Amino acid sequence: DLHAAAWSLHNCGRGPAGGTFDFERMGGNYRMTELTGALLLAQMERLERQMATRDRNARLLTESLVEITGLNPTVVDERVTRHAWHLYQIRYDAVAFGGRSREQFIAAINAEGIPASAGYVPLTGIDAVRNALRDRFGEGAVRDITSVPRADAAGRDTIWLYQTALLGTDADTAGIVAACRKISAAW
């Protein structure tokens, strides 16, 4: 039991058999080692160049994807001065794709060679958060957050492109758009 609890705390509260959003308890991300820190420090020299590439490719993707009905890239507020782009998020409208699910779209874009996956699970759907609220504020607190419609919709409809997709060439970015257009035209 002690090993399982320690493992879970070390892995952000996840359980050993669970998935990315299967948190058993509240935890932290304390996994950086000295070696990881040294590698990160060496990579800092590339940060500005990579951030410029991500910014540019995200802008190009957004400009193109907004033209595809049913794909709605996240709009960055004009007050944002720097975006990390660790994920490029797109809201998927299944109705615009003939009722095909987000998972079907992800499978299709993956088949085109574009790595993508489903988005976040809202905090209201994570047992560890619900349990922490119950422990701290009582059962009523959990009932009060059972449904947060916009968070639920974002969790249900969001597709992620990973930051590595934003580090590619113009041809790579155009390939992402072409794959989305191909799927849109086929459906």
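The values are calculated or read from the model by the stated rules, or taken from the named source; none is laboratory data. Predicted model only: the values in this text are computed from it and were never measured. A quick note on method: Cβ atoms are made from the backbone with ideal geometry, for glycine too, and the neighbour counts reach across all protein chains shown. Side chains are part of the model used for accessible areas, which takes the heavy atoms of the whole protein and leaves out ligands, DNA and RNA. Shrake-Rupley method; radii C 1.70, N 1.55, O 1.52, S 1.80 Å.
As for the stretch 44-55, it holds at least one residue that is open to solvent by less than 50 Å² (accessible area, probe 1.4 Å), β-branched (Val, Ile, Thr) and in contact with a Leu (Cβ under 7 Å, 6 or more places away or on another chain).
Scanning the stretch 83-97 for residues that are within 25 Å of Glu48 (Cα to Cα) and of a type in the set (A, V, I, L, M, F, W, C) yields Ala84, Trp85, Leu87, Ile90. When Asp77 is tested against (1) over 27 Å from Ala153 (Cα atoms); (2) without any contact (Cβ under 8 Å) to a residue 40 or more places away in the chain, exactly one condition is not met: (1).
Of all residues in the stretch 66-100, how many are assigned to a helix (DSSP H, G or I) and crowded, with 18+ Cβ neighbours inside 10 Å?
Residues of the stretch 66-100 that are assigned to a helix (DSSP H, G or I), as a first pass: 94-97.
Filter once more, keeping what is crowded, with 18+ Cβ neighbours inside 10 Å: 97.
So the answer is 1.
Could you say which residue among Ala52, Ala42, Ala5, Ala58 is more than 25 Å from Leu166 (Cα to Cα) and in a helix (DSSP H, G or I)? Checking each option against the conditions leaves just Ala5.
Given Gly119, Gly155, which one is in contact (Cβ under 8 Å) with a residue 12 or more places away in the chain, in contact with a Ser or Thr (Cβ under 6 Å, 6 or more places away or on another chain) and under 16 Å from Tyr92 (Cβ atoms)? Steps first, answer last, please.
Numbers: Gly155 fails: in contact with a Ser or Thr (Cβ under 6 Å, 6 or more places away or on another chain).
Every option except Gly119 fails the conditions.
You will find that of Gly19, Gly37, the residue that is small (Gly, Ala, Ser), assigned to a loop (DSSP other than H, G, I, E, B), open to solvent by less than 40 Å² (accessible area, probe 1.4 Å) and modelled with pLDDT under 95 is Gly19 and no other. Residues that are small (Gly, Ala, Ser) and more than 14 Å from Ser184 (Cβ to Cβ) were ranked within the stretch 101-120; the one that is most open to solvent (accessible area, probe 1.4 Å) is Ala111. Please work out if Phe97 is closer than 26 Å to Gly18 by Cβ and of a type in the set (Phe, Trp, Tyr). Spelling it out, it is not the case that Phe97 is closer than 26 Å to Gly18 by Cβ and of a type in the set (Phe, Trp, Tyr). Kindly establish whether Ile109 is modelled with pLDDT of 95 or more, β-branched (Val, Ile, Thr) and within 20 Å of the chain's Cα centre (by Cα). Yes, satisfied.
Please verify whether the stretch 32-40 includes one or more residues that are without any contact (Cβ under 8 Å) to a residue 60 or more places away in the chain and within 18 Å of the chain's Cα centre (by Cα). Steps first, please.
Residues of the stretch 32-40 that are without any contact (Cβ under 8 Å) to a residue 60 or more places away in the chain, as a first pass: 32-40.
So of that shortlist, the ones also within 18 Å of the chain's Cα centre (by Cα) come out as none.
Looking through the stretch 32-40, none of the residues is without any contact (Cβ under 8 Å) to a residue 60 or more places away in the chain and within 18 Å of the chain's Cα centre (by Cα).
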